[in-house]
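First up is the structure itself, then whatever we jot down about it.
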Amino acid sequence: MTLKNRTILLIIVIAIAVSGTILYKHYFKNNNIAHYQEIITIPKGASFEQMLDSLRKYNVLKNEHSFKVTCKLRRFNTPRKGHYQFNKVMNNLEISTMLRRGQHYVVKFTFNNIRTKEQFIKKVDHQFYFAQEELERLLNDSTYLASFGFNTETCISAFIPNSYDFYYDIEASDFFERMMDYYHQFWNEKRIKKAEEIGLTPVEVATLASIVEEENHRASEKAIIAGLYINRLQKGMLLQSDPTVKFAVGDPTLKRILLEHTRIESPYNTYLYPGLPPAPIRIPEASTMDSVLHYRHHNYLYMCAKEDLTGYHNFAVSLAEHNRNAAAYHKALNKLKVEN
């Protein structure tokens, strides 16, 4: 190769390198964010053009052409669903990478101390891509729930308080089905057999556990309270559980249960209706359900909060003994002028 040809080749190589650097900086590395405050929603199944429409709507990009060239060079033409908020300084590589990868990252979802289905749905809100209304629809769809063995009331027993890992972009139906997987992990063959020995279904165990938990969250009394209610069930006695009356009234903060409260017409009022209520009155902890499955065997049929107002209970075998305990408790309330 002659000196002249080598020189021409070198010039071409340098020109290509410089052009490549300029192209790289212009299309890939320069900040291309005009506005970043808005959250851009890319729905499931959105096309590349629909994604661009969303970016245009909020004037996200400084230079749409350079972004499109970058995407073409990277063969990126299918965005992933998600709620995107861009950083103040992002280049086309970073923007396209975010939209290509989506929000397929792990969210640690933790819940406990939840009473109602509505509270659970609210707890889920903003934690995942799906809207809370989507989960709400599923949990009020009797046909859908029946395929899992639940109804619109008992479905809260499908949720067992704990910490779980989910992907952010999970669908509401997939979320529920994953919760069902965890449900079946808890309700293994051993626990199901134990429930059958007591004469209860898993939903009934959850229902009784919810009452036990409302009576007292202290671990030392859970198995005793569970045993008391099982004694009453086995004898065909009304449970006469104050927490079920509070649930029927719609006020879990009631301090005194009055005669008028016990006459509230509701299938959850165990002063009126025999057996367990139709569904849990809260979402019980796994440990409380185990306290029911391994309840304490004794002869107690009655319980009343202790007069020292510590939250613990006096347990009794006879009604006469129970009445004495109740009188002491009400005397303590009167002394403090507690009315409700």
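The values are calculated or read from the model by the stated rules, or taken from the named source; none is laboratory data. Note that this is a predicted model, so its numbers are computed, not measured. A quick note on method: Cβ atoms are made from the backbone with ideal geometry, for glycine too, and the neighbour counts reach across all protein chains shown. Quick note on the areas: whole protein, heavy atoms, side chains included, nothing else; ligands and nucleic acids left out. Shrake-Rupley method; radii C 1.70, N 1.55, O 1.52, S 1.80 Å.
If you scan segment 138-159, which residues turn out to be of a type in the set (Val, Ile, Thr), surrounded by 13 or more Cβ atoms within 10 Å (Cβ to Cβ) and either at positive phi or without any contact (Cβ under 8 Å) to a residue 40 or more places away in the chain (or both)? Result: Thr152, single match.
Within segment 299-328, restricting attention to residues that are outside any strand (DSSP E or B), of a type outside the set (A, V, I, L, M) and open to solvent by less than 40 Å² (accessible area, probe 1.4 Å), the residue that is modelled with the lowest pLDDT is Gly311. Scanning segment 44-79 for residues that are outside any helix (DSSP H, G or I), open to solvent by 90 Å² or more (accessible area, probe 1.4 Å) and over 26 Å from Glu171 (Cα atoms) yields Lys62, Arg75.
Do you know which residues across segment 160-181 are open to solvent by less than 50 Å² (accessible area, probe 1.4 Å) and outside any loop (DSSP other than H, G, I, E, B)? Quick ask: steps written out before the conclusion?
Keep residues of segment 160-181 that are open to solvent by less than 50 Å² (accessible area, probe 1.4 Å), which gives 160-161, 164, 166, 168-173, 175-176, 179-180.
Within segment 160-181, Tyr164, Phe166, Ala172, Ser173, Phe175, Phe176, Met179, Met180 meet the criteria.
Per the conditions (1) under 22 Å from Ser287 (Cα atoms); (2) modelled with pLDDT under 95, the sole criterion not satisfied by Phe166 is (1). Among the residues of this structure, Gly82 counts as one that is under 22 Å from the mean Cα position of the chain (by Cα), among the small types (Gly, Ala, Ser) and surrounded by 13 or more Cβ atoms within 10 Å (Cβ to Cβ).
Conditions tested, residue by residue: (1) in a helix (DSSP H, G or I); (2) among the basic types (Lys, Arg); (3) open to solvent by less than 20 Å² (accessible area, probe 1.4 Å); (4) closer than 30 Å to Gly250 by Cβ.
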| residue | (1), (2), (3), (4) |
| --- | --- |
| Arg100 | yes, yes, no, no |
| Ile114 | no, no, yes, yes |
| Tyr129 | no, no, no, no |
| Glu136 | yes, no, no, yes |
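I'd like to verify a number: residues in segment 256-291 that are of a type in the set (Lys, Arg) and surrounded by 17 or more Cβ atoms within 10 Å (Cβ to Cβ), how many? Looking only at that region, the number is 1. In segment 187-281, counting only helices (runs of 4 or more DSSP H) that sit wholly within it, the ones holding 3 or more residues that are charged (D, E, K, R) span 189-198, 202-215, 219-235.
Number of residues in segment 214-253 that are free of Cβ contacts under 8 Å to residues at least 12 places away in the same chain and of a type in the set (Asp, Glu) equals 1.
Any chance you could count how many residues in segment 138-159 are among the small types (Gly, Ala, Ser), within 13 Å of the chain's Cα centre (by Cα) and assigned to a loop (DSSP other than H, G, I, E, B)? Give the derivation first.
Going through segment 138-159, the residues among the small types (Gly, Ala, Ser) turn out to be 142, 146-147, 149, 157-158.
Of the ones still in play, those that are also within 13 Å of the chain's Cα centre (by Cα) are 157-158.
Now drop any that are not assigned to a loop (DSSP other than H, G, I, E, B), which leaves none.
Qualifying residue count, segment 138-159: 0.
Residues of segment 283-298 that are β-branched (Val, Ile, Thr) and not in a helix (DSSP H, G or I): Ile283 alone.
Among the residues of segment 222-249, just one is of a type in the set (D, E, K, R), under 14 Å from Tyr302 (Cβ atoms) and in contact with a helix residue (DSSP H, G or I) (Cβ under 8 Å, 6 or more places away or on another chain), namely Asp242. Scanning segment 202-235 for residues that are surrounded by fewer than 17 Cβ atoms within 10 Å (Cβ to Cβ) and touching a Gly at 6+ places or on another chain (Cβ under 9 Å) returns His217, Arg218, Gln234.
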